Amino acid sequence: MKNFKKLLFALLSLAMVTNFLACDPEPLEDDGSNPNPNDSEFSLGWNADNENLSEIPSDINLGSLGNGTLPSKVDLTQSFPPIGDQGAYGTCVAWAVGYNLKTAIEAMDKGFKTGDLNASRQFSPKDLFWSISSADKGADCNGTYFEPALDVLLNRGIATMQTVPYDGLGDCSGSSSSWSGEAANYKIANYRKVDLNINELKGYIADNRPLAIGCKLGDNFMQWDSDDVLTAHSSFANVGQHANHAMALVGYDDNKGPNGAFRIINSWGNRWGDTGSIWVDYNFFVGGDFCFGAFVASNKASEIDPNNPVDPTVSGSVDLIPWNVWDNDNQSDFDTRSRYVEYNVYNIGDETVRASSNWNISYLYYNAFNANDYGILLYDLYTNQIGSPGQNGPLQSGGYGIAGNWWNNVDIPSYSGVAEEVVGQDYFTWDYYMPGITGFYYLVLIADAFDNISELDEANNLYFLSDEYGDPLYFQDGQLIGLVAEEIDDRSQALPAQGQKLIAPHQRSKANANAYTPAEIKNMILHKKETGELDAKVREFVQEKQSKKIK
Amino acid sequence: MRWILMLFLGLSGLCLWCSNLTSNAEITQEMVSADKILKNLQKGEAIYLTNAVISGDLDLTQLPGQLVNLDYYVTVIDAQITFVNCEFKGKVLAYRKGDKTQHATRFTKGLSFIECTFRKEFNFKGSVVDGLASFPGTYFEEAVHFETATFRHDANFSKSIYMRDLYFQECRFAQAAQFMNANIGGIANFQGCTFGGDAQFGVAEFHAYADFSRVSFQEGVFLDYTKFHDRAVFSNVLFKGRMDLKGGLFEKDASFKGSLFYGKTRFFQSTFDAALDLSGTTFMTGQPDMNELNLKDQKNLDLNDARVNQFQPLELTF
């Protein structure tokens with residue numbers, strides 16, 4: 001027995017030494033050029049080089065994230081399925097997005113917990129990976145990236161594990177058409193990229209919004225086997241310099257590790273890490289060495305206004321609708337940023353819209369991929385607080401209203417337009433200078449932007465200007481590029497009949513199903529109004545107009 | 001008698017001259033630009049400076065480097081570098097990360113910063129030091145980075161003072177590592193380090209979180225009279241040699257969870273004001289010396305699955 005113990009001790013010692021040698025970091029002497037990270041024990045599969053984050057819309061920050069008092073720790077694992085195992089396949093993106101993220105948001109919407117999540121309530125990474133175009137994934141199941149995977153969830157949906165279990169993957173080129181009918185029942189409404197900011201990430205988790213994340217891994221990550229907090233990479237000798245991997249961000253704890261830590265769920269089975277998950281230090285997570293992309297997804301599109309929903313049964317009400325909006329280059333000004341907009345807003349309800357409602361028409365631009373980048377181009381106020389009935393005039397900076405552009409002490413009778421009532425014409429013309437923006441933007445005119453009026457239909461308050469395909473317009477230093485201005489107008493539609501409900505003027509096409517919805521834009525405007533940021537934007541615009549000496 | 005008087009006067013004069021020399025040196029510290037040091041290094045010349053003030057950023061990654069893999073450059077410095085009682089006004093960098101590249105430094109000779117003061121960032125992440133690494137009595141005002149560095153010879157950080165966080169994660173100390181009497185004001189990150197020789201942390205003082213998780217001590221580790229004013233984490237550590245913790249002070253939670261102790265281990269006369277987590281530990285060479293252990297509240301002791309000689313449960317009596 002004594003000899004047996006000695007032998008056991010010797011074997012254990014040898015095992016420890018062997019293990020130690022295997023972990024030996026040697027950063028300057030590893031070549032880190034292992035061309036196939038999947039040669040290691042655990043497979044990866046995020047083809048990060050193909051990811052174009054600039055094409056994925058940023059989530060609109062409505063202020064609920066990271067600004068208030070967040071709980072010191074949150075754990076969403078109770079809404080996640082059991083830890084998955086991708087095996088030898090480079091399917092991590094499908095596991096992160098399909099199996100983990102989609103299963104969890106579906107579970108949260110329906111009130112399921114982990115114990116409820118049997119195969120019929122788990123979503124299949126095999127189905128998702130097979131459904132991704134071969135152009136967007138490596139041969140022999142060798143990786144993909146987030147955008148095509150999330151696009152599949154958005155446009156096609158995903159089948160359940162019960163229907164498509166994770167076996168018989170072959171070379172991942174098989175057809176998934178036979179179960180696409182079931183998949184169509186499980187789509188997402190949109191997906192958004194998220195800033196890698198500690199408080200914002202915590203805010204999403206505290207808001208029950210788990211995230212799919214793309215990370216770069218070091219050798220120590222591959223060998224993790226405890227609930228210690230990962231604070232740095234070791235070498236890349238075994239895993240290679242491009243070990244990119246997709247996982248799910250599911251929790252945080254301010255008191256874990258030196259600075260607090262995020263909890264991440266992996267798809268390498270229960271034996272790896274802390275029974276399948278790992279804690280990663282806040283600062284290391286966002287510091288530019290570990291996480292390189294984070295995404296949230298929603299099963300439901302935002303409603304227009306949760307406090308004032310569309311109610312088609314309302315009668316005896318008002319309904320404002322922008323119409324015949326035309327944005328054009330100002331040919332009489334050599335400045336290529338000089339433009340003018342023609343517009344009208346009709347009341348197609350059966351009651352008069354009173355000036356006493358203090359409502360407004362706002363015209364703004366916003367970045368197609370980051371709506372937090374926006375600006376005001378026109379602010380047209382209808383109020384009885386200024387002048388006498390029937391009068392109108394320019395708003396002065398620091399003066400009436402919120403220091404916007406124009407005021408009108410005018411009521412709008414049923415089935416009449418603001419231009420008819422104010423100037424007796426079919427539309428207003430408003431000159432403006434586009435700020436020096438560069439990138440893809442939409443222009444949008446919003447009637448009752450601050451939601452002062454309870455309308456028959458809140459959904460038809462926005463009028464978008466895009467290119468003829470519904471895609472955003474490209475501006476270079478404020479100049480519209482690639483289109484003649486006339487092509488963004490749409491005067492072909494007839495004004496809807498009085499009392500016609502749920503009309504949406506010039507909605508963008510479905511060319512980009514993941515584009516911001518009108519509801520998101522309107523909710524953003526309302527939020528910016530509440531925080532005072534919109535006022536600041538208007539003042540900024542007025543100052544720029546004055547400095548340009550525009551009328 | 002006359003000779004004795006002359007000798008006395010001569011010695012007095014010599015002392016006075018020496019004293020003046022010292023005070024003159026204190027008053028007129030030599031100003032040296034970092035650029036000049038870089039130029040000398042580029043010529044392969046050794047650096048030896050005392051009582052100097054170094055102006056500008058000393059960025060060693062500006063020296064030509066060689067591409068060692070896809071995006072990783074290494075500058076190799078073949079000259080001995082010695083600074084004694086010098087003050088560095090700017091950053092001192094041996095590591096730089098660009099958009100798509102990283103640049104680190106290898107020192108094939110010794111690297112000594114003795115009783116120096118660093119006013120700005122000190123970043124030696126990923127460095128390899130083949131010779132002696134000496135930083136005794138050195139004072140760092142800003143964060144210090146040595147992540148994944150390799151010290152092939154002895155490394156001496158005794159009496160060094162760190163006003164901010166210290167990053168030594170995944171370092172390899174091939175031989176002795178000396179942190180005796182070090183004073184660390186910020187977070188001390190030693191996660192995943194390997195200490196190939198003795199690791200001396202005696203009388204050191206850790207004012208913030210100390211993370212020694214997943215460290216491998218191949219020889220002895222000495223923590224005698226070391227003070228931890230914040231949480232101390234020694235979880236999943238491999239102690240292959242002796243672990244000496246005599247008279248240590250842990251004012252906040254201390255965790256040795258999951259650690260393996262192969263050598264003699266003693267917590268003799270140490271004080272634990274908060275929790276002591278020994279769960280999952282294994283003491284291969286018998287009962288650790290817990291004599292005169294001062295545990296403020298025994299309810300804060302976690303011995304779950306702690307074992308002696310692999311099979312016997314660890315039991316402590318107070």
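The values are calculated or read from the model by the stated rules, or taken from the named source; none is laboratory data. Since the structure is predicted, the reported quantities are computational estimates derived from the model, not experimental observations. Because the Cβ atoms are built from the backbone with ideal geometry, glycine has one as well, and the counts that use them run over all protein chains shown. Side chains are part of the model used for accessible areas, which takes the heavy atoms of the whole protein and leaves out ligands, DNA and RNA. Shrake-Rupley method; radii C 1.70, N 1.55, O 1.52, S 1.80 Å.
Observations on the structure shown:
- For the pair A and B, the buried accessible area comes to roughly 3200 Å² in total, with a 1.4 Å probe and the value rounded to the nearest 100.
- For B:TYR73, net neighbour charge (Lys/Arg +1, Asp/Glu -1) across residues whose Cβ lies under 12 Å away: +3
- Once C-alpha pairs closer than 8 Å and six or more residues apart are averaged by separation and normalised to the residue number of the range B:86-160, the relative contact order reads 30 percent.
- 1.4 Å probe, heavy atoms, protein only - residues of the range B:147-185 losing at least 20 Å² accessible area vs chain alone: B:THR148, B:THR150, B:ARG152, B:GLN169, B:GLU170, B:ARG172
- If R0 is 30 Å, the Cβ-Cβ spacing of A:SER180 and A:THR114 corresponds to a FRET efficiency of close to 0.60.
- Ordering A:LYS528, B:LYS100 by accessible surface, largest first, gives B:LYS100, A:LYS528; the 1.4 Å probe counts only protein heavy atoms, with every chain in place.
- Whole-number D in µm²/s for the range B:106-222 (Stokes-Einstein; Kirkwood sum over Cα pairs; 37 °C, 0.692 mPa s): 241 µm²/s
- Share of alpha-carbon pairs per 20 Å distance bin for chain B, given as whole %: 30, 46, 21, 3, 0
- Here's how it looks for B:TYR139: its modeled amide H is under 5 Å from those of B:CYS116, B:THR117, B:PHE118, B:ILE161, which are all 5 or more places away or on a different chain.
- In Hz, Karplus ³J(HN,Hα) per residue of the range B:162-175 (6.51, -1.76, 1.60; θ = phi - 60°; x = Gly, Pro): 10, 7, 10, 5, 10, 10, 10, 4, 6, 6, 10, 9, 5, 10
- Exposure of A:TYR427 as accessible area (Å², to 10), given a probe of 1.4 Å and all protein chains: 70 Å²
- Candidate aspartates and glutamates for bridging to A:LYS300, where Cα separation is under 17 Å - those fewer than 8 sequence places away on the same chain excluded: A:ASP59, A:GLU106, A:ASP109, A:ASP151, A:ASP207, A:GLU520
- Within-9-Å neighbourhood charge of B:TYR167 [Cβ basis; K, R +1; D, E -1]: -1
- With one equal scatterer per alpha carbon and no solvent term, the Debye-computed log10 I(q)/I(0) for the range B:34-156 at 0.09, 0.12, 0.16, 0.18 1/Å reads -0.21, -0.39, -0.71, -0.93.
- Cα-based Rg of the range B:189-318 normalised by 2.2 N^0.38 Å, two decimals: 0.93
- Assuming charge only on the beta carbon of Lys and Arg (+1) and of Asp and Glu (-1), the dipole of the range B:102-207 about its Cα centre is about 240 debye to the nearest 20.
- Relative contact order of chain B, pairs being alpha-carbon contacts under 8 Å that are 6 or more residues apart, as %: 7 percent
- For B:PHE107, neighbours were defined as the other residues whose beta-carbon sits under 12 Å from its Cβ, and their charges (Lys and Arg +1, Asp and Glu -1) total +1.
- The spacing between the range A:203-279 and the range A:145-196, judged by their C-alpha centroids, is 24 Å.
- Bins of 5 Å, starting at 0 and running to the largest distance - Cα pair percent for the range A:62-185: 2, 11, 21, 21, 18, 11, 7, 5, 3, 1
- When the C-alpha to C-alpha distance is required to be over 24 Å, the pairs from A:LYS102/A:LYS522; A:LYS216/B:LYS125; A:LYS256/B:LYS246; B:LYS43/B:LYS159 that qualify are A:LYS102/A:LYS522; A:LYS256/B:LYS246; B:LYS43/B:LYS159.
- Here chain B is treated with +1 on each Lys and Arg Cβ and -1 on each Asp and Glu Cβ, and its dipole about the Cα centre works out to around 520 debye.
- Too-long pairs where the Cα-Cα distance tops 26 Å, listed order kept, from A:LYS137/A:LYS193; B:LYS109/B:LYS264; A:LYS537/B:LYS100; B:LYS39/B:LYS109: B:LYS109/B:LYS264; A:LYS537/B:LYS100
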